[in-house]
1. So residue B:252 passes all but one of these: (1) touching a helix residue (DSSP H, G or I) at 6+ places or on another chain (Cβ under 9 Å); (2) surrounded by fewer than 21 Cβ atoms within 10 Å (Cβ to Cβ). Which condition number does it fail?
2. Please work out which one of (1) over 18 Å from residue A:134 (Cβ atoms); (2) among the hydrophobic types (A, V, I, L, M, F, W, C); (3) within 23 Å of the chain's Cα centre (by Cα) is the condition residue A:190 fails and give its number.
3. Pick from the stretch A:148-164 the residues that are among the aliphatic types (A, V, I, L, M) and more than 10 Å from every other protein chain (Cβ to nearest Cβ): which of them is nearest to residue A:109 (Cα to Cα)?
4. Residue A:321 - would you say it is closer than 19 Å to residue A:42 by Cβ, crowded, with 24+ Cβ neighbours inside 10 Å and of a type in the set (A, V, I, L, M, F, W, C)?
5. For residue B:127, all conditions in the list (1) over 19 Å from residue A:337 (Cα atoms); (2) not in a loop (DSSP other than H, G, I, E, B) hold save one; what is the number of the exception?
6. Just one of the numbered conditions (1) more than 24 Å from residue A:149 (Cβ to Cβ); (2) open to solvent by 20 Å² or more (accessible area, probe 1.4 Å) is not true of residue A:235; which one?
7. Give the residues of the stretch B:269-287 that are over 30 Å from residue B:121 (Cα atoms) and open to solvent by less than 10 Å² (accessible area, probe 1.4 Å), sorted by residue number.
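The values are calculated or read from the model by the stated rules, or taken from the named source; none is laboratory data. Owing to the predicted nature of the structure, the values given are computational and were not obtained by experimental measurement. Cβ placement follows ideal geometry from the backbone for every residue including glycine, while neighbour counts extend to all protein chains displayed. We work out accessible area using only protein heavy atoms, side chains counted, and drop any ligands, DNA or RNA first. Shrake-Rupley method; radii C 1.70, N 1.55, O 1.52, S 1.80 Å.
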Amino acid sequence: MATDTLVVRTRRDAPGRQAGTSRRVGLVVIGIVAVLAAAALSLAFGSRLVSLGEIADGLGAFARGEVPADVGAIAVQERIPRTVLAIVAGAALGLSGAVMQAITRNPIADPGILGVNTGAALFVVCGIAFFGISSVYEYLGLALLGSALAALFVYLVGSVGPGGTTPIKLALAGAATTAALSSLVSAVLLPRAQAMTEFRFWQVGGVGGAQWGSMAVVVPLLAVAALVAFALASGMNALALGDDVAVGLGVRVGPTRALAAIAGVVLCAAVTAVCGPIAFVGLMVPHVMRLLSGPDQRWILPLSALGGAVLLVLADTAGRVIGSPGEVEAGILTAFLGAPVLVIIARRTRMRGL
Amino acid sequence: MTAAVLTAPLDAIRVGRRARVRRRTIGISVLAVLLVALLAGEILLGRTIYPLSEVLAVMAGQDVPGASFTVGQLRIPRAVTGALGGIAFGIAGSTFQTLLRNPLASPDVIGITSGASAAAVFSLVVLHLSGGLTTLIALAVGIATAVVIYAASRGGDATGGRLILIGIGIGAMLEAVVSYLIQRAAEWDVAVAMRWLTGSLNGSRMEDLPPLVGAVIILVPVVLLLSRDLDALALGDASATALGVRVDRTRILLIVCAVALACFATATTGPIAFVAFLAGPIAGRIVGAGSSLVVPSALVGACLVLGADLLGQFAFDTKFPVGVITGILGAPYLIYLLIRTSRRGGSA
């Protein structure tokens, strides 16, 4: 009898599940194609107008490891590292946002809102000003530490009181912490004109400063963090049902949440160290992906990575075309896209007050 | 017997009211004295301390070698700008907080000053305008920002968190614009850039003051005239209507005045962090509940700006713009307020 029920249930569910899965696989395929298409656009279009032939020549020269001769080929070779960085950084930010939203069960959790960017900024700036740091490793280490502390602080402040983290509490805690930390950043920088100039450029997030050296340091770290996040996806599914249910399902809530939080912070902090603050990617992308794929984190996480990559590559490309002959940094465009999306989320979410 | 029973509570009310009035009078007097002291500090302190007679002579319009420039061209404009900016931010903040019945809903927290700030930088860096026109553009964009935030948060509970959340998001967008424009304005020196990131009184000039002076002279009396209605609105729309307040008209008028004050101040000094947010609650603590906050919050705002500016100028080896100091001091208070409100389980 029990077996019968089980069989019946499996039979009834199987077609539906298959349909859902094939649809999600389709989404992943579309995502991968979109990343490739965005990358092609990013190589083809930029501040300078370059013909398709020159782009092909430039790519060939790059593949053969030659030094590019003509202007078009140079432009293409400049676009290659930034395209790669945009893919990597976008994927990391999208994934980071998805992880943070999952573990805080809060729709507006985002590296920018959690104060991660400013925490990274403060520590990097202090490192430059007081300890004369210069290597990528030192930048990265300090950015990670600052981000983690800021994120922890904002999350703690935002989760005080009954009801846990509400969107408003989190946003306000983030805004206040960001304001305080940016004031401290200014206080450290003001007496140091050189550091101030550097910071002004870092403060506008973008992938224009892409260099293979710093990417080589960051990418392995991002890869490890991404793998940890993916491995915890089903645990995060359980967390979405509430801590009590998760415990009932045999999930070790504390370690799962802590590990996922570390992965989420590492993902966005490493990106912040290399690109500067890029806001709202982590906020927007997971929401769109959740709408498309349903609530299963095992699909939301990889789709958010793909979506983040597409968004950042397109934002960077659009910024170069709009800003030609200069560029509008990707962080500006994502902020412009992100604010309306936040408005939509705020309108859809039932406000619980503080 | 009945008369005695009736008069006893009335006496108590009367005593209570008298105590309130006394507290308010004392509080406002202390604030006024503090403001005068801070103004004196702004004008008298500096690398060179001029004799009081010279300072007074400069203020009387006489030409004194040295002091005329340092005091007349640098310190007095700085002091006046700081005081007026603080008054404007203070009144704007407390008016918003009272109208929306929410201590977190001040124009700096919900992104309105970011709109004015972005517009001012755009006007200076891209359009190469300055002076009155910049102020007008900042005002227009600040009001537009307020309208957008209000419109986007409509449909829910108007006093609630949605407005704050949306304001923070739109503020973040506008701050990205400010960073971008400042980064583009490479030839600008750091101090000018800082003004639009955090707010500063550095380089205040008499010729930049007329818009702010005009705004304060015209708008503050309007808010004062409406302050009784504002307090009625704080009780809720129904109570205010019952008290004879024309709710919609009064609210729109007050919001326009508060937005305009915040925008004029931002266009002159940059978005001095948290002054608008802090002035109302501090004023409330000083004069006590149930008392109009317009005048005390104006005084508190001015004292905050001038006090923080003096700290920034003289307390450290480096001179810090006023916004850096208010940012560092103000944010912990916002976090404290957030934690306290959350603990009580109250709604924002």
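1. Just one mismatch for residue B:252, condition (1).
2. All conditions pass for residue A:190, except number (3).
3. In the first step, residues of the stretch A:148-164 are kept if they are among the aliphatic types (A, V, I, L, M); the result is A:148-152, A:154, A:156-157, A:160.
Right, trim to more than 10 Å from every other protein chain (Cβ to nearest Cβ) and you get A:148-152.
Details: A:148: 14, A:149: 16, A:150: 13, A:151: 10, A:152: 12 Å.
Filtering first and then ranking leaves A:151.
4. Working: closer than 19 Å to residue A:42 by Cβ: yes; crowded, with 24+ Cβ neighbours inside 10 Å: no; of a type in the set (A, V, I, L, M, F, W, C): yes.
So residue A:321 does not fit the description; no.
5. Result: residue B:127 passes all but (2).
6. Status for residue A:235: all satisfied but (2).
7. B:283, B:287
Conditions (1) in contact with a Lys or Arg (Cβ under 7 Å, 6 or more places away or on another chain); (2) more than 14 Å from chain B (Cβ to nearest Cβ); (3) of a type outside the set (A, V, I, L, M), marked per residue:
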position	(1), (2), (3)
A:265	no, yes, no
A:293	yes, yes, yes
A:315	no, no, no
A:341	no, no, no
